[in-house]
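See structure below.
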Amino acid sequence: MTVFGNNHCFVGAVLLAVTGVLVLYRVQFNTGKNSWAVELVRQGKYPWSVHGSQDLNPKFKVINVASHRTRLQRLQNDTINFDWVTSANHTTVEIVNPKSFYSVGDLLFIEIIARDGKGRRKLYGGDYFEAVLKDENVKGSTTGRIQDHGNGAYTITFELSFPGTVTPKVHLVHVSEAVLLLKEFRKVPNKRKWLCGFQNGEKKLKKSCTFFANRSLALSDQCDFSAPNTSRTWFCEKPKDIPCEAITICQSTKYTEAIDAMVSGAQRKLFERPFWKAELSFVNATVLVQPSNDVVSSLPSCGPGVTRGQSEGYWINGEWHSLACRTKQFTVQGIRKCLANHTVRFLGDSTIRQWSERLVHLGIVKQGPGNRMKGPYTNFNRLHGIEASFRFHTVPQQGRSRWPFINLTKRGVSVEIKEMIGGPNVVIALSLCAHFSAEPIHVYRSRIAEIKSAIGELHRRHPGTKVIIKTCNTRNQRDYRDLVVQSDWLLDQLNQEMRSILGNSTVAILDVWEMTMSMWYPPSIHPRLHVVDNEISLLMSYICPGEVELPRMIMKG
């Protein structure tokens, strides 16, 4: 063990002989700009395998223990050295298993080596990439799964699902330095504010409200509307001469001022090009994929407990084909048949409201009375015995539309589920993502845990009730303000939390993340109707798996 005091660097090396293989483990604490260990690695004197063995496990593992706090300190002022930030221009991309041609069912491996503005290899991970494989001729596309090895190397795995001449597209969505900031910014409470109206007779006032208690005000000067022992919290500045119970309508305010106060001028550059959504270029990227007739296995029916494979599915000729479970494209008649004598409760945000609205537009049900934006409303098809209702989740809600504030002890997805009458012909479809990305992660964990508990109670009372939760959509962002509160990285973390909490339960997780990432349209939190129709076909495959007669086969070359 050696300590290099001037460079603030501690390096330990352990050599282990295991079955004749020499393994190097390196532990590095690096706070200096000109770290001795860093320079050795950048000069190639600390070797590790680039490609590793066939299963992509490197022979030499680099373990970075201490860079988080140091890197964060460097980012918390206006003197960021952008030469040390991941550079899309210098980052290299290479196909690991090149072939003259591949077969449907093969895996394509691509390796990314992150480099900074001076072309030096980065020694830690954390960069956030998105990878899509596309064939322009047949409108075919699929996403790649990305593994961060923690040492500046990343592996993309594509499952080659359709024949053609395909081209991988890889984007550096966020540099690791921006991701580090997103983690810290997420912890900050009350980045968003709302205005809520209070009315007592002729007297009306609007007061500022926040999801957590306002630390600049005494608790005695705030109205606390929180439901005890839940994640449904709400605090408003107490109005003068009007009781707290006189709260009426709430509406979001712009979060520009709060974000600008939180993000420095230098930090903002990390959320702009060339450090945001920069496409990586690499030579010989076109891949030829041939058909294959070798059948390996069929997919399971859609439902709870579906195991995640290498890919959720792929687009081709305008249709989404799931690789997670058996699906089909449902016609209007097929949807009507599937939902006959069913009650469907859509609960959540506007991305699931799209499903509810689409059933009206397709003529499956007729629109009932109620607030079209927030609900509640119930749509019917009395001839076929279909009932489909929609209601927005409770706080937090972000958007232009106003919404009536209702007692949080009586409102909320978990409360409504507990009060439902279920059964084999009842379906609960949930979507809770878009409005939670700005809040500390424990808010989402608590909310999903509450819902899981409520679903457990419902299933004990009414076995056979189908509960389906939709993952987050990818979405569009305009600038650093949007990214701080609704980046795809933030949403992706919610997907992971959802799977962690609900993955082994009786809830079916309907994944649209990869579908919306690889769609043939600009990113949008509200996908185009073509995408929504494919999402609805996926939903019907979960509600009526028996209607999917022919199993889709996974082909392997």
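Do we find a residue being surrounded by fewer than 20 Cβ atoms within 10 Å (Cβ to Cβ) and within 24 Å of residue 255 (Cβ to Cβ) anywhere in the range 432-440?
Taking the range 432-440 first, the residues surrounded by fewer than 20 Cβ atoms within 10 Å (Cβ to Cβ) are 440.
From what is left, the residues that are within 24 Å of residue 255 (Cβ to Cβ) are 440.
Checking the range 432-440: at least one residue is surrounded by fewer than 20 Cβ atoms within 10 Å (Cβ to Cβ) and within 24 Å of residue 255 (Cβ to Cβ).
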| strands (runs of 3 or more DSSP E) within the range 190-239 that include 2 or more residues open to solvent by 50 Å² or more (accessible area, probe 1.4 Å) and either in contact with a strand residue (DSSP E or B) (Cβ under 6 Å, 6 or more places away or on another chain) or in contact (Cβ under 8 Å) with a residue 24 or more places away in the chain (or both) | 194-200, 203-210
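For (1) touching a residue at least 24 places away in the same chain (Cβ under 8 Å); (2) part of a helix (DSSP H, G or I); (3) over 13 Å from the mean Cα position of the chain (by Cα), each residue gets a yes or a no:
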{"site": "481", "(1), (2), (3)": "yes, yes, yes"}
{"site": "495", "(1), (2), (3)": "yes, yes, no"}
{"site": "501", "(1), (2), (3)": "yes, yes, yes"}
{"site": "505", "(1), (2), (3)": "yes, no, yes"}
{"site": "521", "(1), (2), (3)": "no, no, yes"}
{"site": "526", "(1), (2), (3)": "yes, no, yes"}
{"site": "532", "(1), (2), (3)": "yes, yes, yes"}
{"site": "535", "(1), (2), (3)": "yes, yes, yes"}
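Pick from 354, 329: which is open to solvent by 40 Å² or more (accessible area, probe 1.4 Å), over 18 Å from residue 385 (Cα atoms) and in contact (Cβ under 8 Å) with a residue 24 or more places away in the chain? Before you say what the answer is, go through the steps one by one.
Details: 354 fails: open to solvent by 40 Å² or more (accessible area, probe 1.4 Å).
None of the others qualify; the one that does is 329.
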| Any residue in the range 291-299 that is surrounded by 14 or more Cβ atoms within 10 Å (Cβ to Cβ) and at pLDDT 95 or above? | no
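Based on what the data block shows, is residue 269 of a type outside the set (A, V, I, L, M), surrounded by 13 or more Cβ atoms within 10 Å (Cβ to Cβ) and over 30 Å from residue 201 (Cα atoms)? Working first, answer last.
Numbers: of a type outside the set (A, V, I, L, M): yes; surrounded by 13 or more Cβ atoms within 10 Å (Cβ to Cβ): yes; over 30 Å from residue 201 (Cα atoms): yes.
Answer is yes for this residue.
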| said: I'm told residue 281 meets every condition in (1) surrounded by 15 or more Cβ atoms within 10 Å (Cβ to Cβ); (2) more than 23 Å from the chain's Cα centre (by Cα); (3) among the polar types (S, T, N, Q) except one. Can you identify the failing condition by its number? | reply: (1)
| Flag if residue 385 is within 23 Å of the chain's Cα centre (by Cα) and at positive phi | no
| field | Number of the condition not met by residue 404 [criteria: (1) surrounded by 15 or more Cβ atoms within 10 Å (Cβ to Cβ); (2) touching a residue at least 40 places away in the same chain (Cβ under 8 Å)] | value | (1)
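Condition check ((1) surrounded by 16 or more Cβ atoms within 10 Å (Cβ to Cβ); (2) under 17 Å from residue 130 (Cα atoms); (3) aliphatic (A, V, I, L, M)) across all residues:
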position	(1), (2), (3)
457	no, no, no
477	yes, yes, no
491	yes, yes, yes
514	yes, yes, no
521	no, yes, no
| Qualifying residue in the range 243-258 (condition: among the polar types (S, T, N, Q), assigned to a loop (DSSP other than H, G, I, E, B) and in contact with an Asp or Glu (Cβ under 8 Å, 6 or more places away or on another chain)) | no
| Which of the residues spanning the range 145-177 are closer than 14 Å to residue 514 by Cβ, open to solvent by less than 10 Å² (accessible area, probe 1.4 Å) and touching a Leu at 6+ places or on another chain (Cβ under 7 Å)? | 158
| said: Conditions first: (1) modelled with pLDDT of 95 or more; (2) touching a Leu at 6+ places or on another chain (Cβ under 8 Å); (3) open to solvent by 60 Å² or more (accessible area, probe 1.4 Å); (4) closer than 30 Å to residue 107 by Cα. Residue 310 passes all but one, so which condition is the exception? | reply: (1)
| query | From the list 87, 141, which residue is modelled with pLDDT of 95 or more, among the hydroxyl-bearing types (Ser, Thr, Tyr) and within 30 Å of residue 320 (Cα to Cα)? | reply | 141
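Keeping to the range 106-124, report how many residues are in contact (Cβ under 8 Å) with a residue 60 or more places away in the chain and outside any strand (DSSP E or B). Let's see the steps before the verdict.
First, pick out the residues of the range 106-124 that are in contact (Cβ under 8 Å) with a residue 60 or more places away in the chain: 106-108, 110-114, 120-121, 123-124.
Checking which are outside any strand (DSSP E or B) leaves us with 106, 114, 120, 123-124.
So the count comes out to 5.
The values are calculated or read from the model by the stated rules, or taken from the named source; none is laboratory data. It should be emphasised that the depicted structure is a prediction, and the values quoted were computed from it without experimental measurement. Here the Cβ is made from the backbone with ideal geometry for all residues, glycine too, and neighbour counts use every protein chain on show. The area values use the complete protein model at the heavy-atom level, side chains included, leaving out ligands, DNA and RNA. Shrake-Rupley method; radii C 1.70, N 1.55, O 1.52, S 1.80 Å.
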